[in-house]
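Chemist: Dropping the structure in here first, questions after.
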Amino acid sequence: IPNSRPLILPRSASAVPRAALYLSETAIRDVTSRGLALGAHGVEHVRWTELGDEELSRTLRRSLDWMVALDPGGARALAYPDAAVDGRVARAAARAGFALGFALEDTPPPEVPWILGLRRLVAPDDPDWVADVARRREGNR
């Protein structure tokens, strides 16, 4: 993969049916009806940094339109697939209507506005992980 970053999913996940990796439309509606906000992650989950300008614009707009159809009052947020973001992608996301962008723990390139390069964590499938993070945070106060 050009400009490679570590993949979010382990290689073994490629054997899992795609539908099992993502929330269904029903699950998204259920989550948002409980007052939680979700953001887009790309309808096709391709690295937006590898798309041409027109395809990038169409993909971002399609992703936002899909999320708005599921949650009309929801956040205009996105998490970049594979955390691949640069200034061109961030500007295109803003033009498409996104207000927030989430990368990963790495600091995004300096040309990415801070509001479109917020850091996010990928939580492991470990029931004790949240409690461990909270304990460490409490210890740092």
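Chemist: Count neighbours as other Cβ atoms within 10 Å of each site's Cβ, and list the GluC sites (Glu not before Pro) in the range 36-66 that are DSSP loop with at most 13 such neighbours.
Modeler: Answer in residue order: 44.
Chemist: Could you work out the equivalent-ellipsoid semi-axes for the range 17-141, taking the square root of 5 times each eigenvalue of the Cα gyration tensor, largest first, in whole Å? List each step's numbers first, then the result.
Modeler: Values: eigenvalues 125, 81, 38 Å².
Over the Cα atoms of the range 17-141, the ellipsoid semi-axes are 25, 20, 14 Å.
Every number in this text was worked out from the coordinates using simple rules, so none of it is lab data. This structure is a prediction, so every number in the text was calculated from the model and none was measured. Positions of Cβ are generated from backbone atoms using ideal geometry, with glycine treated the same way; all protein chains shown enter the neighbour counts.
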